[in-house]
Amino acid sequence: MANLEERGHLLTEQINPNSQNLDQLTSLELVDLFNREDAQTLAAIASARHQLAQAIDLIAEALRHGGRLFYIGAGTSGRLGVLDAAECPPTFCSPPELVQGIIAGGAAALLRSSEELEDKAEDGAAAIAQRHITQLDVVVGITAGGTTPYVLGAIQAAQQRGAATVYIACVPADQVAIETDIDIRLLVGPEVVAGSTRLKAGTVTKMALNILSTGVMVKLGKVYGNRMVDVAVTNKKLHDRALRMLQDLTNLSREEAAYLLEQSGRSVKLALLMHWTGLGKEESDRLLTKYQGNLRSAALSYQK
C-alpha cells in the first residue's frame with residue numbers, strides 16, 4: 001500500500017509535461033490542450049473493457065438476487081458516484097434503494113468541500129455498517145489516487161460482511177495494490193493541472209460509471225432494443241418520449257398510443273406487452289413479473 005504521506009509518485013499526482021506552460025496559453029490553446037488530453041479517457045476505457053464487462057455481470061447477478069449496488073467515495077469521486085446513483089431512478093424507473101451513492105461527509109459534501117473527511121477509514125467502515133450491507137450487495141469503491149482511507153476502510157468492511165467489491169482507481173496496480181473481486185484501473189496520465197483529478201480522472205470515472213450502471217440496467221431488462229422502456233413518465237418531456245416510443249414500436253397513432261399508455265398506468269413496458277399480447281393490464285403485469293421485468297423474454301414466451 002502506498003505511503004499516505006508520500007503520494008508524489010502516484011500517476012495522478014505527477015506533473016504533465018504537456019501543460020507546463022499552462023498559464024501562458026491563449027484560450028484557444030487551452031481548449032485544444034484539454035481536447036488532446038481528454039482523448040486519453042477513451043483509451044483508458046478501452047484498456048479496462050474486460051474488467052468493466054466483468055463488473056456489469058457481477059452487479060447484474062447480485063441485483064437479480066435481491067442485492068443492492070453502492071458507490072462509495074470522497075470528494076470528486078464521491079460526488080460522481082452519488083450523481084450516477086441519483087440518475088438511475090428517473091432513467092430506468094429503478095427503486096431509489098437499488099443503486100446508492102455514499103460520499104464522505106454526507107449530503108453536505110455535495111455542495112461544500114469536505115475533503116479532510118476522506119482520511120478517516122473508520123468513517124468508511126461505519127457507512128457500510130449503517131446501510132446494513134450484506135453478502136447480497138456489491139460495493140464499488142471509487143478513488144482516483146487509489147489511497148483514500150475512507151474508501152479503503154469501506155471496501156475492507158464490505159468484504160468482512162461478505163459483499164462483493166469493485167475498485168476503481170486511476171493509478172496502476174504496482175503503485176497501489178488492493179485485494180478486491182474486480183480491479184478497474186483507468187489510466188489517463190497526469191492531469192493538465194497537476195493533481196486536479198476532477199479533470200481527466202473525473203471524466204473517465206464518469207464514463208466508467210455510465211457504462212456500469214447502464215450495462216447493468218440493460219441486463220436487468222430495463223431497456224428494449226435501445227429504448228428506455230422503463231422510463232418514469234413524470235413530466236411533459238417524458239410523456240412525449242413515452243408516446244413516441246409506443247408509436248415507433250407499434251405503429252399506433254399518437255392518440256391510440258396515448259390511450260394505451262393510460263390503460264397501462266403510464267408504464268411503457270406494460271403498454272407494449274399489452275399491445276403485443278392482447279392481454280389486460282393485470283395479466284401483462286403477472287407475465288412481466290414472471291420474467292423478472294424483461295419485456296423481450298415476456299413477449300417471446302407468449303408467442304410460443
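Readers should treat all values here as calculations from the given coordinates under stated rules, not as data from a laboratory. Just so you know, these numbers come straight off a predicted model, no measurement behind them. Every residue, glycine among them, receives a Cβ derived from its backbone with ideal geometry; neighbour counts consider all protein chains shown.
Data table
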{"quantity": "Relative contact order (%) - criterion: Cα under 8 Å, at least six apart; region: the chain", "calculated": "20"}
{"quantity": "Distance (nanometres) between label positions extended 7 Å along Cα→Cβ at S196 and A86", "calculated": "2.3"}
{"quantity": "Volume per residue of the C-alpha convex hull in segment 236-303, rounded to whole Å³", "calculated": "78"}
{"quantity": "For segment 8-93, alpha-carbon Rg and Dmax in angstrom", "calculated": "18.2, 56"}
{"quantity": "Options (i) 16.3; (ii) 20.4; (iii) 18.4 - which one matches mean projected area of the Cα convex hull in nm² as calculated here", "calculated": "(iii)"}
{"quantity": "In sequence order, calculated HN-Hα J values of segment 218-230 (Karplus, 6.51, -1.76, 1.60; Hz; x Gly/Pro)", "calculated": "4, 5, 8, x, 7, 10, 10, x, 10, 9, 7, 6, 9"}
{"quantity": "Sequence-distant residues sharing a close amide H with T165 (under 5 Å, placed H)", "calculated": "V139, D181, I182"}
{"quantity": "Between segment 65-142 and segment 23-42, the Cα center-to-center distance that results, in Å", "calculated": "31"}
{"quantity": "Estimated inter-spin distance, E97 and L136, nm [label 7 Å along Cα→Cβ]", "calculated": "0.9"}
{"quantity": "Simple spin-label estimate for H65 and S253 in nanometres, 7 Å along Cα-Cβ", "calculated": "5.1"}
{"quantity": "Bridge type composition, the chain - antiparallel percent by DSSP, nearest 5", "calculated": "5"}
{"quantity": "Cα long-axis angle, helix 49-64 against the chain (0 to 90 degrees, to the nearest 10)", "calculated": "50"}
{"quantity": "Amide H partners (placed H, <5 Å) of I102, local residues excluded", "calculated": "Y71, I72, G73"}
{"quantity": "Note, ³J(HN,Hα) from phi for segment 126-131, Karplus 6.51, -1.76, 1.60, rounded to Hz, x at Gly and Pro", "calculated": "5, 5, 5, 5, 4, 9"}
{"quantity": "Full-stretch length increase - Q292, Q14 - with 0.36 nm per residue and alpha-carbon distance subtracted", "calculated": "95.3 nm"}
{"quantity": "Gained length - H239 relative to L42, 0.36 nm times residue gap less alpha-carbon distance", "calculated": "67.5 nm"}
{"quantity": "Backbone HN-Hα couplings from phi across segment 168-180 [Karplus 6.51/-1.76/1.60, Hz, Gly and Pro as x]", "calculated": "10, 9, 10, 10, x, 5, 6, 8, 9, 9, 8, 8, 7"}
